[in-house]
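Undergrad: Okay, here's the structure, questions in a sec.
The values are calculated or read from the model by the stated rules, or taken from the named source; none is laboratory data. Keep in mind that what you see is a predicted model, and the values were worked out from it rather than measured. Heads up, the Cβs are rebuilt from the backbone with ideal geometry, glycines too, and the neighbour counts pull from every protein chain shown. Side chains included, ligands, DNA and RNA excluded: accessible areas come from the protein's heavy atoms. Shrake-Rupley method; radii C 1.70, N 1.55, O 1.52, S 1.80 Å.
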2 protein chains.
Amino acid sequence: MSSAIDRRAFRDLSYGLYIVTSRDQEKINGQIVNTAIQVTSDPPRLAVIINKKNLTHALITKSRIFAVSVLEESTPLTFIGPFGFRSGRDIDKFAKVLFKEGVTGCPLVTDHALSVVEAKVFDQIDLGTHTIFVGDVVNSEVIKDGRPLTYQYYHENLKGKSPPNAPTYSGT
Amino acid sequence: MSSAIDRRAFRDLSYGLYIVTSRDQEKINGQIVNTAIQVTSDPPRLAVIINKKNLTHALITKSRIFAVSVLEESTPLTFIGPFGFRSGRDIDKFAKVLFKEGVTGCPLVTDHALSVVEAKVFDQIDLGTHTIFVGDVVNSEVIKDGRPLTYQYYHENLKGKSPPNAPTYSGT
């Protein structure tokens, strides 16, 4: 058997769709992420993968805190767009969005969110283009019941695209 | 706002279902994992979370190689069971399973698999009960087209349970 990488193989992996936010002093930002997972149960820890080019990466790197909002299946593309395809360096992503301040100070997006989780960075891995941030959960809350938006649903039903900064970007 | 952790919030995160295998010399093993994600696109890297109690963890720790098989939606519970709820220390999990040897030497489970990916460990984080292994993809292959099995489908349609060693275990 010879070695070869077929990138179509990666497309079979399953993900949800989330907004990851952070804050450094008065600056807040957030972005769409498909790679957020619970990594341990005891103590509860979450990992998120963030592109180094993104403002959210700079904020987490400085403040060591982040929050995750789990989006509901009925989240419209118009809501996702600014968080996924615009930079917080150019626009205020929170201008038209419902959110509240968490115990860490991170903005917790409650619009179209099933639940919110806040974490303090416990460890990280430098992946070159991205960083894995692993955080100890310090606060979590269910906003409402409902079906979570999956990455598959986003692509198949909402016809959503992946931005080039996504860890799973494959040119489409 | 006061700090409180509601573990129901974590249940809204989405995952797939995979078999992660490894090999150390003549010993091979594999186990069910819901936490496998692509973490970068360039170069392609995958992360898996493995419980330290599991034989697969011991094999990856020694050999620094692992493989991931993405399961199809129609995978029966009877196939998943031995990989998820039994230890390779007690049974030969591969006795009745179709697999082939990959370029790394890892067994690549092709039964009920949409695709297989092999990786060499690039870095890791000790999470206490679990380890995140991040691997450089060295080989990947699409086995067939189809819908991937998601963790949600496994719980809702197959009425599958989570073993205590899962990173997302919550007592149910």
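Undergrad: Ignoring ligands, DNA and RNA, please state the percent of accessible area on the range A:1-115 from carbon and sulfur, probe 1.4 Å.
TA: Heavy-atom surface of the range A:1-115 belonging to carbon and sulfur, 1.4 Å probe: 50 percent.
Undergrad: Roughly how big is the A-B contact, given as buried accessible area in Å² (both sides, 1.4 Å probe, nearest 100)?
TA: Summing both sides, the interface buries roughly 5300 Å².
Undergrad: Suppose every Lys and Arg Cβ carries +1 and every Asp and Glu Cβ carries -1, with no other charges. What dipole size does chain A come out with about its Cα centre, to the nearest 20 debye?
TA: That gives a dipole near 540 debye.
Undergrad: In deg cm²/dmol, rounded to 500, what helix-only [θ] at 222 nm does chain A give when every DSSP H run of at least 4 residues adds -39500 (n - 2.57) and the total is split over its residues?
TA: -3500 deg cm²/dmol
Undergrad: So, by mean Cβ neighbours within 10 angstrom, what's the order for B:28-39, B:87-98 with the highest one leading?
TA: Output ranking for B:28-39, B:87-98: B:28-39, B:87-98.
Undergrad: Additional query: Enter the accessible area per residue of the range A:39-93 (Å², integer; probe 1.4 Å; all protein chains in place).
TA: I get 40 Å² per residue for this part.
Undergrad: Sorting check: for A:146-153, A:116-123, which peptide has the highest mean count of neighbouring beta carbons within 10 Å, and how do the rest follow?
TA: Highest-to-lowest ranking by the protection proxy: A:116-123, A:146-153.
Undergrad: Determine the shape class of chain A: with a ≥ b ≥ c the square roots of the Cα gyration tensor eigenvalues, call it rounded for a/c under 1.5, and otherwise prolate if a/b is greater than b/c, oblate otherwise.
TA: Rounded, since a/c falls under 1.5.
Undergrad: May I pose another question? When only C-alpha pairs under 8 Å and at least 6 residues apart count, what is the relative contact order of chain B, in percent?
TA: 26
Undergrad: Would you kindly work out, in nm and rounded to one decimal, the distances from the label point of A:A4 to those of the same position in each other copy, ordered shortest first, with label points 7 Å along Cα-to-Cβ?
TA: 5.7
Undergrad: Turning to a different aspect of this structure: In whole angstrom, how far apart do the alpha carbon centroids of the range B:93-165 and the range B:13-31 sit?
TA: 5
Undergrad: Shifting gears a bit: Please give the charge dipole size of the protein assembly as shown, origin at the Cα centre, charges +1 on K and R Cβ atoms and -1 on D and E Cβ atoms. Round to the nearest 20 debye.
TA: Computed charge dipole of the protein assembly as shown: roughly 120 debye.
Undergrad: Hey, which lysines would be in cross-link range of A:K96, C-alpha to C-alpha under 25 Å, not counting anything within fewer than 8 residues on its own chain?
TA: Qualifying lysines at Cα under 25 Å: A:K27, A:K53, A:K144, A:K159, A:K161.
Undergrad: What does the copy distance list look like for A:K96, label position 7 Å along Cα→Cβ, in nm and ordered from shortest?
TA: Result for A:K96, in nm, nearest copy first: 5.7.
Undergrad: Let me ask something else about it. Positive end of the charge dipole of the protein assembly as shown (Lys, Arg +1 and Asp, Glu -1 on Cβ, about the Cα centre): tell me which of B:V121, B:F66, A:S74 has its Cα farthest that way.
TA: B:V121
Undergrad: Relative contact order for the range B:75-172: what is it in percent, counting Cα pairs under 8 Å that are at least 6 residues apart?
TA: It comes to 20 percent, rounded to a whole number.
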